[in-house]
Protein chains: 2
Amino acid sequence: MKLYTYWRSTAAYRVRIALHLKGIPYEQAPVHLVKDGGEQHQDSYRGLNPQGLVPTLMDGGVVITQSLAILEYLEERHPEPALLPSGAADKARVRGLAQLIACEVHPLNNLRVLQYLSNELRVSDRQKTAWYHHWLAEGLGALETRLANEKDTGDFCHGDQPGLVDLCLVPQLYNARRFEFPLEDYPTLVAIDARCRALNAFRAAAPEAQPDAVN
Amino acid sequence: MKLYTYWRSTAAYRVRIALHLKGIPYEQAPVHLVKDGGEQHQDSYRGLNPQGLVPTLMDGGVVITQSLAILEYLEERHPEPALLPSGAADKARVRGLAQLIACEVHPLNNLRVLQYLSNELRVSDRQKTAWYHHWLAEGLGALETRLANEKDTGDFCHGDQPGLVDLCLVPQLYNARRFEFPLEDYPTLVAIDARCRALNAFRAAAPEAQPDAVN
């Protein structure tokens, strides 16, 4: 398998964790999102992924875009260890929580949106940070409420093994710290994040451990 | 089943189409997103869905949030007619295309984001429309490229039966028309949308056909 990735992309980070958790060997093809106006916009990459977003997974002749679709694909092809619980209601809880992050927080705060705020809407750095923090607080607040109160939460977001929600949570908190978002109001999330980051698979997938990481 | 819905919510619209396609009887609980500052923010609804977003599905004691998670749940509980193809690679194509809309277009253009642009960033109506059109053009452009060029596209987004991508496409184009976004550059999407909207399930789920629709 070949993963088109960027060390700081939280969507690529999710997929890297899954590959390591499942022990799937893969090759990295780094796509630099900033250099030369962004390699993701070059024709060679757009031919593979017309959205010009990372990650993209190639598995033989199969090209898959969108991190959650990639994660479901990996789950079907390599079921163990499972990222999703069994049972339709449990699966729905896990997918709903993962989408809370992947569909409601991340899309508002990714690079292309922050670039639009600066370049097109000419907002100040202070306003851009307020935007970033606002959507993070909205999403993480709802997530904290749910994880702290729902009986299915365990050592990890669903039960006592890391799964799909944890794969989304850890990269999102990495990004939150990068943008200096205070995390003291989210003790459940912070505790789960710490448990995850103690695991080898999460360590190996971390941005700073990637070959394309820049110090 | 009970669906918390709002007639104009594109995420709720997706779920309504699925319920009608699969012939699942359901009760509607309308949540007015604008009246009185938004019923979705009231404690009674936040207790059910801490994100304060629609839709929410209740199936007996099971509460499910996030439209794509709801759709996967319906697919597992009521497999026929199928929204997803069989085969991991085909499923990945369909989920990736659905997420292109649900994770990359819709979250940037929904009500709460447009409200933030006006109320917090004080952008002009012209800038707000440009924002809306920009993210729609980004997403629909990539979608048109893929659907027009990929062999798995048929009368519908994947093959010759409506499925998960069509459920996301039709509400997004409804919203595009509402915001006067020109669609002439997207002939494949427009043709598929027309085929979908000729079907009874899509008609029954349309915003203007809902009991809470306001003329």
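Readers should treat all values here as calculations from the given coordinates under stated rules, not as data from a laboratory. This structure is a prediction, so every number in the text was calculated from the model and none was measured. When we count neighbours, we look across all protein chains shown, and the Cβ atoms used for this are built from the backbone with ideal geometry, even at glycine.
Which lysines, if any, have their Cα less than 22 Å from the Cα of A:Lys22, not counting same-chain residues under 8 positions apart?
A:Lys2, A:Lys91, B:Lys91
Just to confirm the numbers: A:Ala209, label point 7 angstrom along the Cα-Cβ line, distances to the other copies in nm, shortest first?
Ordered by distance, the counterparts are at 5.1 nm.
Kindly state, as a whole number, the per residue volume in cubic angstrom of the convex hull around the alpha carbon atoms of the stretch A:24-93. Each step should come with its number before you reach the end.
Working: hull volume 8.2 nm³, N = 70.
Looking at the stretch A:24-93, the number lands at 118 Å³ per residue.
Determine the sum of side-chain charges near B:Ala29: Lys and Arg each +1, Asp and Glu each -1, restricted to other residues whose C-beta is under 12 angstrom from that of B:Ala29.
Once positives and negatives cancel, what remains is -2.
Shape of the protein assembly as shown from its Cα gyration tensor (a ≥ b ≥ c, root eigenvalues): rounded if a/c is under 1.5, otherwise prolate when a/b > b/c, or oblate?
Rounded, since a/c falls under 1.5.
Distances in nm, one decimal, shortest first, from B:Leu48 to the same residue in every other copy, taking the label point 7 angstrom along Cα→Cβ.
Shortest to longest, the spacings are 4.4 nm.
Pick from B:Leu100, B:Leu74, B:Leu121 the residue whose mean-square fluctuation is largest in a GNM of chain B, springs joining Cα atoms under 10 Å.
B:Leu121
Which one, A:Ala88, A:Ala194, A:Ala11, has the greatest fluctuation when you compute a Gaussian network model over chain A with C-alpha springs under 10 angstrom?
A:Ala88
For the stretch B:3-18, list residues with backbone N below 16 Å from a point placed 7 Å from the Cα of B:Thr129 toward its Cβ?
Under 16 Å, as judged by backbone N against the label point of B:Thr129, lies no residue of the stretch B:3-18.
Enter the Cα centre distance for the pair the stretch A:23-55 and the stretch A:167-203, rounded to the nearest angstrom.
25 Å
Among bridges DSSP assigns within chain A, what percent are antiparallel (round to 5)?
60 percent
If you count, for every residue in B:99-105, the Cβ atoms of partner chains within 10 Å of its Cβ, what is the mean?
Per residue, the number of nearby Cβ atoms from other chains is 6 on average.
I want to verify a result. In a Gaussian network model of chain A, Cα cutoff 10 Å, which of these has the top mean-square fluctuation: A:Asn149, A:Asn119, A:Asn200?
A:Asn119
Given labels modelled 7 Å from the Cα in the Cβ direction, how far is it in nm from B:Arg178 to B:Met58?
2.5 nm
If each DSSP helix of 4+ residues adds -39,500 (n - 2.57) and the sum is divided by the residues in the protein assembly as shown, what number results at 222 nm, nearest 500 deg cm²/dmol? Don't jump to the answer; show the numbers that get you there.
Numbers: 20 runs with 228 residues, N = 430.
Only helices count here, giving -16000 deg cm²/dmol.
Suppose a student asked you for the relative contact order of chain B, using Cα pairs under 8 Å spaced at least 6 residues apart; what percent would you report?
This gives 26 percent for chain B.
Taking a point 7 Å out from Cα toward Cβ as the label site, list the nm distances between B:Ala194 and the same residue in every other copy, smallest first.
6.1
Pairs of alpha-carbon atoms within less than 8 angstrom and 6+ residues apart define the contacts here; what relative contact order does the stretch B:47-109 have, in percent?
Taking the mean separation of contacting Cα pairs over the length of the stretch B:47-109, I get 16 percent.
How much net charge surrounds A:Pro55 when only other residues with a Cβ under 10 Å from its Cβ are counted (Lys, Arg +1; Asp, Glu -1)?
+2
Just subtract the alpha-carbon distance of B:Glu27 and B:Thr145 from 0.36 nm times their residue separation and send over the number in nm, one decimal.
Numbers: separation 118, 0.36 × 118 = 42.48 nm, distance 3.81 nm.
That pair, B:Glu27 and B:Thr145, stretches by 38.7 nm at full extension.
Restricting attention to the stretch A:33-114, which GluC sites (Glu not before Pro) occupy a DSSP loop and are surrounded by at most 12 other Cβ atoms within 10 Å?
none
Find out how many positive minus negative residues lie around A:Arg112, taking Lys and Arg as positive, Asp and Glu as negative, among other residues whose Cβ is under 10 Å from that of A:Arg112. Each step should come with its number before you reach the end.
Values: positive: none; negative: B:Glu104, B:Glu138.
Net of charged neighbours comes to -2.
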